[in-house]
Amino acid sequence: MKESNWKAILDAVTEPALEYLGSLPERPVYRPADPKDVRAIIGGPLPEGPAPAEEVVAGLARDLEPFVTAHSCGRYFGFVIGGLHPAAYGAELLAATWDQNAGLYAVTPGVAVVEEVALEWLLDLLDLPRDASAGFVTGGQMATFTCLAAARDAVLRDVGWDVEANGLQGAPQVNVIVKSEKHATVPRALRYLGLGHTSTIEVASDHESRMDVGDLARVLSGLQGPIIVCVEAGNVNTGSFDDFRGIANVVEDHRTKGAPVWVHVDGAVGLWARASERHRTLVEGLERLDSWSTDAHKLLNVAYDSGIAICRDASAHRAAMSVHASYLIHSEGEMARDPMDWNPEFSRRARGLGIYTTLKTLGRSGVGQLVDRACDLSRRFATRLEATGKAEILNDVVFNQILVRWLADNGDNDAFADRVIDRVQHDGTAFFSGTTWDGRRLMRISVSDWATDEDDVDRSVDALMRAASKG
Ligand SMILES: Cc1ncc(COP(=O)(O)O)c(C=O)c1O
């Protein structure tokens, strides 16, 4: 085997990595960059010949670092971007070092077993059916895609249509029910699956973006044939949770008429409430539904990209995803599981390692505390901001999401929100992003990092007030 100077590569990254991680508490959270400036430093034509790898890697570490956003700093509150737990970071380093193709058990049995263990722990922690199946995918988007693929195939199979063999041409109509305030990844997954995103039936959402269960019952009563219902644990704007007990009751009632119904839960943000004793009531009844998607890279603080697709009906999940090729070594039986049968990818990296190490490090109580802390700090944000008299909190802060309306002296609150967000992003103390909700321009706060503490919240509120005081 050709030799390589691995030590030189590690030397090139170790110091910069330690410096970067050490700088997280104080470095600017975000540096708005002109793409021309980045290109001027790292661009240029493709090199004609080789260069020493350690020099290239050291150059990237040096040149790109000033433009990197400090997602894993305790004061990044934009979108729903989770931090990086040290246990997950360690697993990522190992995953890169070992460079395993985790598609097949036979290719890397050890990794496949670690992922199976992580999956068993997840089902236990989230208290979902212990015989449910799961696939480790890139994120919430592909987790929803995977679950809805299983849903589409199962409800059509129930009415005698084999969508895996025949596709959708000539298939019976599938009625897909969504709420008006669904996450954008749901219609996108439906589009990928040939179900279309404008042919869905929309059920009303209430003032907290929760599905109106009465409206769902009304819609269901007028439908015949196969049905998929998409519900949500943790709305991206309000953090709210649908009424899963109510939804399960209505759906079970409809099933007595003989129609196949599959209910999918988009739990990218909120499925983790199942791990918290204090927040568990938000997600009661969800275990009676059929599939669940979530993200380990959000509240569990595993590195990107790490989503999880979980299905009660393992055979439907497998039928929708599995693949065979004559040159592969497929595993049969209970003891071994080929990851490529449970996710849309063929080859993939060993992304389950980060989930394993993070769960093992935190344990059941640690994950619960992680969730509780994010929610407690969210309430601290809400209380402190409202006390300023310059901001109004528009949602009921039941989880880790906060919707803030900035109150402008001239009454133009929408424009003021964008000014505050822009100024605070340039200030660099903290990062917040915006949204349009209920026709209004608002600032969103998402507390999703194990590293965030009370001081981070207080410093961020001070930075926001500096931005707001400029009018
Ligand atoms: C409710 C919800 N669903 C799905 C997603 C998409 O997750 P991902 O970005 O991991 O694909 C998000 C992202 O914030 C979300 O908030």
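With respect to (1) open to solvent by 20 Å² or more (accessible area, probe 1.4 Å); (2) at pLDDT 95 or above; (3) within 16 Å of the ligand (Cβ to nearest atom), the lone exception for Leu190 is condition (1). Every test in (1) among the polar types (S, T, N, Q); (2) more than 16 Å from the ligand (Cβ to nearest atom); (3) modelled with pLDDT of 95 or more is passed by Ser306 save one, and that test is (2). Within segment 29-64, the only residue that satisfies the criterion of being closer than 30 Å to Val457 by Cβ and open to solvent by 80 Å² or more (accessible area, probe 1.4 Å) is Arg31.
Here's the yes/no breakdown for (1) among the hydrophobic types (A, V, I, L, M, F, W, C); (2) under 30 Å from Thr358 (Cβ atoms); (3) open to solvent by less than 30 Å² (accessible area, probe 1.4 Å); (4) touching a residue at least 24 places away in the same chain (Cβ under 8 Å):
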residue: Thr97; (1), (2), (3), (4): no, yes, no, no
residue: Ala132; (1), (2), (3), (4): yes, yes, yes, yes
residue: Glu164; (1), (2), (3), (4): no, no, no, yes
residue: Ile177; (1), (2), (3), (4): yes, no, yes, yes
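Among the residues of segment 289-303, just one is of a type outside the set (Lys, Arg), near the ligand (Cβ under 9 Å from one of its atoms) and either free of Cβ contacts under 8 Å to residues at least 60 places away in the same chain or part of a loop (DSSP other than H, G, I, E, B) (or both), namely His297.
Once segment 179-207 is narrowed to residues that are among the β-branched types (Val, Ile, Thr) and either touching a residue at least 40 places away in the same chain (Cβ under 8 Å) or touching a strand residue (DSSP E or B) at 6+ places or on another chain (Cβ under 9 Å) (or both), the residue that is farthest from Ala151 (Cα to Cα) is Val203. Name the residues in segment 231-246 that are more than 16 Å from the ligand (Cβ to nearest atom) and within 23 Å of the chain's Cα centre (by Cα), would you? If the condition is that a residue be more than 16 Å from the ligand (Cβ to nearest atom) and within 23 Å of the chain's Cα centre (by Cα), then Asp243 is the only one that fits. Being open to solvent by 10 Å² or more (accessible area, probe 1.4 Å) and out of contact with any Lys or Arg (no Cβ under 9 Å at 6 or more places or on another chain) is the filter here, so list the residues in segment 140-153 that pass it. Result: Met142, Arg152.
The values are calculated or read from the model by the stated rules, or taken from the named source; none is laboratory data. If you're wondering where the values come from, they're calculated on a predicted model, not measured in any experiment. Ideal geometry is used to build each Cβ from the backbone, glycine not excepted, and the neighbour counts take in all protein chains shown. Ligands, DNA and RNA are excluded from the accessible area calculation, which covers all protein heavy atoms including side chains. Shrake-Rupley method; radii C 1.70, N 1.55, O 1.52, S 1.80 Å.
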